[in-house]
Amino acid sequence: MKDNGNKFSIIDKGMTVDGSLVGKGNLVVKGSVKGTLTGESVVISEEGHIAADTKVDNLTVGGSFEGRVETSGQLVILATGKCTGEIICGDLVLEAGGRLDARVTCCGPAQGKK
């Protein structure tokens, strides 16, 4: 079977990762992550929680995030999402109903993207 490069991982409800998590591809967090997180595309589901120093390409928050996050691309906070701490991002999207209580620095889209 050919590996097309699409990686997909889930931290499911009831699971907790405490420590350092590094990955490539898409990560969906339905449980909780504490510590440090480095990756590409991360989605926190409505029931998910991350309390970490995070550096990712793109982050979508439907649950809760607390800590420091640095994204080279987009940070999207959905209507069900809550984000607290420090944010450094390329672009920020905040849906109506989403909660943001953080120090925010937006640097604009990554170079080469339109």
Which residues' amide hydrogens lie under 5 Å from the amide hydrogen of Lys7, considering only partners 5 or more residues apart or on another chain, with H built in the peptide plane?
Asn26
For the range 14-106, count all C-alpha to C-alpha pairs, find those more than 20 Å apart, and express that count as a whole percent of the total.
20
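Tally Lys and Arg at +1 and Asp and Glu at -1 over the other residues with C-beta under 14 Å from the C-beta of Gly39: what net charge comes out? Walk me through the numbers before you get to the answer.
Details: positive: Lys7, Lys24, Lys55; negative: Glu40, Asp53, Asp57, Glu70.
It works out to a net charge of -1.
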Enumerate the calculated ³J(HN,Hα) couplings along the range 25-31 in order (Karplus 6.51 cos²θ - 1.76 cosθ + 1.60, θ = phi - 60°), each rounded to whole Hz, writing x wherever the residue is Gly or Pro.
x, 9, 10, 10, 10, 9, x
If the elastic network links every pair of Cα atoms under 10 Å, which of Glu95, Glu70, Glu86 fluctuates the most in the Gaussian network model of the chain?
Glu95
Checking the cross-link filter: which aspartates and glutamates have an alpha carbon closer than 18 Å to that of Lys24, excluding same-chain neighbours under 8 positions apart?
Asp3, Asp12, Glu40, Asp53, Asp57, Glu70
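Laboratory data are not the source of any read-out in this text; all were calculated from the coordinates shown. As the structure is a computational prediction, the values presented were derived from the model and not from experiment. Backbone-built Cβ (ideal geometry, glycine too); neighbour counts: all protein chains shown.
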